[in-house]
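The values are calculated or read from the model by the stated rules, or taken from the named source; none is laboratory data. Just so it is clear, the structure is predicted and the values come from calculations on it, not from any experiment. Note that each Cβ is placed from the backbone with ideal geometry, even for glycine, and that neighbours are counted across all protein chains shown.
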Amino acid sequence: MAKIKGSIVINIDRCKGCEVCMVTCPTGTIAMAKEVNKQGYYYAFPAHPDLCIGCASCAIVCPDGVITVYKTKI
Amino acid sequence: MEKELRLMKGNEAIAEAAIRAGADGYFGYPITPQSEILEYLMEANPMNTTGMVVLQAESELAAINMVYGGAACGKRVMTSSSSPGISLKQEGITYIAGAELPCLIVNVVRGGPGLGTIQPAQSDYFQAVKGGGHGDYHLIVLAPASVQEMADFVDLSFELAFKYRNPVMILSDGAIGQMMEKVWLSPQKERSKVAPDWATTGKPTTRKHNIITSLELDPNVQEAFNEKLVRKYNKIREEEVRFEEFQCEDAEYLLVAYGTSARVCQKSVQLARQQGIKVGLLRPITLFPFPYKKIGALAGRVKGMLSVEMSAGQMVEDVLLSVNGKVPVFHFGRMGGIVTTPEEVVENLKSKFLKG
Amino acid sequence: MAEVTGIKEYIKPENLVYTRTKLMTENVLHYCPGCGHSTAHRILAEVIDEEGLQSETIGVCPVGCSVFLYNYIDVDVQEAAHGRAPAVATAVKRLMPDKFVFTYQGDGDLAAIGTAETIHSCNRGENILIIFINNGIYGMTGGQMAPTTLEGMKTATCPYGRDVKLMGYPLKITEIVATLPGTYYVTRQSVHTPANVRKTKKAIKKAVQYQKLNKGTCFIEIVSNCPSGWKMTPVQANKWMEENMFAKYPLGDIKTPVE
C-alpha cells in the first residue's frame, strides 16, 4: 500500500517561535529548538521528520509563512 | 470651442467650472452658504456626460477622506464646505498634504467661531494660510473676488495641485458664493485618461507597488521628507505669487484686501481719491504664497497701509511681516457676518492716518 | 537564509504543496509571535495571487497594528486616517470601478472612531470588501479597551475589567451592518486553525466574486488574538479566544446572498 510521506522546510530566520505550528501538527513532527535564531526566538524545527505526512497544516496556520511543505507517495 | 456667457451664483459657477475642467469626482456635505455647489452638481448629473462622480457623504470627515482616496488614484477630485465643515476636514487635509496628494478644497467662509453665523466672513485666513491641521504643511490658497474668478480658479487649482502634488484651497466667502454675476465659462475639457506614475491604480508587473501614506517612523527619513516639503513650499513662494494692483502707482496710502473686501476697497479707493486722498489697493490673489515682496516694495513708496478684512485682523499679520516696520500698518474690518462698506473703510483710513 | 529541513529526498519541485505566496514581500512582519494579523495578511495575499488580481487591486489600510500592511502585500495600497478607510475606499471604487478594492481594519478603527464611515459605506452598498480584525483590544497603542472588549476583560484602560455599566457593552458591529440593505455578504471567521484558515480564505474568494458582480458591500470579520495585549502565549491566546471571544462573537455566516 502506498504511504503518504511529507517533508517541511522552515525558514528559521523568520520564525518567531509562536508554537502554533507545533500544537497544530497532527503527527507530532515539529518541536521547538533549544537555541534561538537571530531574532532571539526558539524556532520551530522538524524534530521527528519521519512522522511528517505533508498535510501542510503547520504552514497554513503559520502566521509568518515560514514553512514550505512537500508531499509524495512512496 | 468658444466660451459661454452665463448669469450665475458664485457657488454655481464653481460647480459648473468643475464639470468643465474635467474633474473626476466631487464629494460634499451640505452646509450654508455653499450647499448650491452640491445641489448644482447633483442636478447637472455629470456622470451621464463626462463621467464625473458626485457623492453626498455622511459627514465632512468622510467627504475629505473620499477626496484622499480619489486623489491617491491620481484623479482630479474636490470637495467644498464652509467654515465649521472645513474645521472638520482638517484631519483629512493634513493627511492629504502629508501624502502629497493633489486636490481642490473650496471654503465658502462664514463667520465664527463655533457655529457662528451663516453670513459671509474672512475669519478663516489663519486656518487656510497658516496650517489648519497639525504638522508643518501649507495649502496653496487662492482668493477669488468675483464669480468669474470662482469659475476660473477651479481649473487653475487643479493645474497647481498636480504641478506641485499639493492640496489647493479656494478661500471664498458667503458673499461671493451667493452673489450673481455674469461669468464666461470655459469649454468642456476632457477628463484625463492618464494617471500620474505615483498613483495607486493597481500594480502592473512593470513597476513596484505604489504606496500612498503620510506615516514614517524613522525620524531621519521623516525630517528628510519635511525638508522636501519646505523646498516645495519655497518653490511655490518663488513662482506662484499672484496679486492685482489697483491705482498703486501714485498712492500715498495702500489698502490691502482680498476677496469680497477687495471689491469693497476698489470703491473706497475711488471715494478717497474724490476727497483728494491718493489711495491704492493691493489685492493678494494667492494668500499662500503671500505677496510679501510686492507689499514690502510698496512700503517704500507709501506713508501707511490698512489691511481690510472681515475678521478681527488676521491677514494684517502678514502685511506687517511684509512691511517690516517701514511704515505704520493698521487693520480694519467688520465681523459677525457684516460686510464692510466703502465709506467705512475711507473713514477708518482717515482716522488712522490723517487725524489732526 | 537559514533553514531546517525534514527528509531531504522528498524535497523536490514536483512534490511542493505549500509555500509562501510571492505576493507577500520579503519584509519580516512586525507583528508579535502568533498574531492573527500575519495569517490574515497572508491568506488575503494568497487570494489576490490565486485570482490573478495583483494588477487590479487597490487596498486601503487603517491606523492600528495593520497600518503597515503595505509593507507586506505587494499591491498598491493607500494608508487611511484612523477609521476613514471605508470613505477612502468608497472614492477609490467609484472612480476605479473595475478594480478590486478592499479595506483592512481593526476593531478600534472600524467599530469606534470609524463607526460612521463603516455604517454609511455599508448602507450605500459600496462595492468593496471590508476585512475586520476583531481582537477585542487596541494592540498598536499598548492594549487599551476597544469597542469589542469583552465584559469583564482587563485592558490597560479597564485594568479592573470592562464594567459595562460604566464603559458600555461589547459592540457587535458585524451584526449591525448585516441589517443594512447595502451589505450582500457578511460573515465571521477566524484564522487560528487550518480548517478556519481555509474557511476564511473561501469567504474572501466569495467576496472577490461578489465584487466582480457589483453585488454591494462584503464584510468579513475575523475574530483574532492579541497575545501581547492579552498577556498570554500565542497558544494560550488561541485557546482563550475559542472559549471567550467565540462565545460573544460566534463564527459563521451572518448574512448570505439570497440567490
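A few notes on this one:
- Filter result for B:Gln127 (more than 30 Å from B:Asn45 (Cα to Cα), polar (S, T, N, Q), surrounded by fewer than 24 Cβ atoms within 10 Å (Cβ to Cβ) and under 14 Å from the mean Cα position of the chain (by Cα)): yes
- Options B:Lys326, B:Lys293, B:Lys350; residue that is modelled with pLDDT of 95 or more, assigned to a loop (DSSP other than H, G, I, E, B) and surrounded by fewer than 21 Cβ atoms within 10 Å (Cβ to Cβ): B:Lys326
- All positions within the range A:1-22 that are under 20 Å from C:Thr19 (Cβ atoms) and in a loop (DSSP other than H, G, I, E, B): A:Ile12, A:Asp13, A:Arg14, A:Cys15, A:Lys16, A:Cys18
- Residues of the range B:36-54 that turn out to be within 11 Å of another protein chain (Cβ to nearest Cβ) and farther than 22 Å from B:Gly10 by Cβ, as a count: 3
- Members of the range C:1-30 that are assigned to a loop (DSSP other than H, G, I, E, B), at the interface with chain A (Cβ under 7 Å from one of its Cβ atoms) and of a type in the set (Ser, Thr, Tyr): C:Thr19
- Taken over the range C:110-140, the criterion of being away from chain B (no Cβ under 12 Å) and more than 19 Å from C:Leu44 (Cα to Cα) is satisfied by C:Ala111, C:Ala112, C:Gly125, C:Gly136, C:Ile137, C:Tyr138, C:Gly139.
- Any chance A:Cys55 is facing chain C (nearest Cβ under 7 Å), hydrophobic (A, V, I, L, M, F, W, C) and either in a loop (DSSP other than H, G, I, E, B) or out of contact with any strand residue (DSSP E or B) (no Cβ under 8 Å at 6 or more places or on another chain) (or both): no
The rows are residues; the columns are (1) in a strand (DSSP E or B); (2) more than 25 Å from B:Leu101 (Cβ to Cβ); (3) more than 10 Å from chain C (Cβ to nearest Cβ); (4) aliphatic (A, V, I, L, M).
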| site | (1), (2), (3), (4) |
| --- | --- |
| B:Glu2 | no, yes, yes, no |
| B:Arg6 | yes, yes, yes, no |
| B:Ile19 | no, no, yes, yes |
| B:Met66 | no, no, no, yes |
| B:Ala71 | no, no, no, yes |
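- Matching residues in the range C:170-185 - criterion: being crowded, with 18+ Cβ neighbours inside 10 Å and over 23 Å from C:Tyr138 (Cα atoms): C:Ala178, C:Leu180, C:Thr183, C:Tyr184, C:Tyr185
- Here B:Gln148 clears all of (1) over 18 Å from B:Val67 (Cα atoms); (2) touching a Ser or Thr at 6+ places or on another chain (Cβ under 7 Å) except the condition numbered (2).
- Just one residue in the set B:Ile93, B:Ile86 is within 24 Å of B:His134 (Cβ to Cβ), part of a helix (DSSP H, G or I), within 18 Å of the chain's Cα centre (by Cα) and within 14 Å of chain C (Cβ to nearest Cβ); that residue is B:Ile93.
- Residue within the range C:213-230 that is of a type in the set (A, V, I, L, M, F, W, C), in a helix (DSSP H, G or I), farther than 20 Å from C:Arg42 by Cα and touching a His at 6+ places or on another chain (Cβ under 8 Å) present: no
- The condition (being in contact with a Cys (Cβ under 8 Å, 6 or more places away or on another chain) and within 15 Å of C:Thr19 (Cα to Cα)) is satisfied by just one residue among A:Cys25, A:Cys55, A:Cys62: A:Cys62.
- Selection within the range B:284-326 - farther than 18 Å from B:Glu344 by Cβ and of a type in the set (D, E, K, R): B:Lys293, B:Lys294, B:Arg301, B:Lys303, B:Glu317, B:Asp318, B:Lys326
- Filter result for B:Glu43 (surrounded by fewer than 24 Cβ atoms within 10 Å (Cβ to Cβ), under 19 Å from C:Ala91 (Cα atoms) and not assigned by TED's automatic domain parsing to the domain that holds B:Gly336): no
- As for the range B:51-71, it holds at least one residue that is over 22 Å from C:Asn123 (Cα atoms) and surrounded by fewer than 24 Cβ atoms within 10 Å (Cβ to Cβ).
- When A:Ala47, A:Ala2 are screened for being modelled with pLDDT under 95 and more than 8 Å from chain C (Cβ to nearest Cβ), only A:Ala2 passes.
- Identity of the residue in the range C:232-259, part of a loop (DSSP other than H, G, I, E, B) and in contact (Cβ under 8 Å) with a residue 12 or more places away in the chain, that ends up farthest from C:Pro170 (Cα to Cα): C:Pro257
- Looking only at residues of the range A:28-44 that are in a loop (DSSP other than H, G, I, E, B) and under 11 Å from the mean Cα position of the chain (by Cα), we find that the one that is farthest from the other protein chains (Cβ to nearest Cβ) is A:Gly28.
- Condition met for B:Gly313 (in contact with a strand residue (DSSP E or B) (Cβ under 6 Å, 6 or more places away or on another chain), of a type outside the set (A, V, I, L, M, F, W, C) and part of a loop (DSSP other than H, G, I, E, B)): yes
- Options C:Thr103, C:Thr90; residue that is out of contact with any strand residue (DSSP E or B) (no Cβ under 7 Å at 6 or more places or on another chain), within 13 Å of chain B (Cβ to nearest Cβ) and under 23 Å from C:Val208 (Cα atoms): C:Thr90
- Residue selected from the range B:1-35 under the condition under 18 Å from the mean Cα position of the chain (by Cα) and of a type in the set (D, E, K, R), by the criterion surrounded by the fewest Cβ atoms within 10 Å (Cβ to Cβ): B:Lys9
- Residues being touching an Asp or Glu at 6+ places or on another chain (Cβ under 7 Å) and not in a loop (DSSP other than H, G, I, E, B) - total across the range C:90-123: 6
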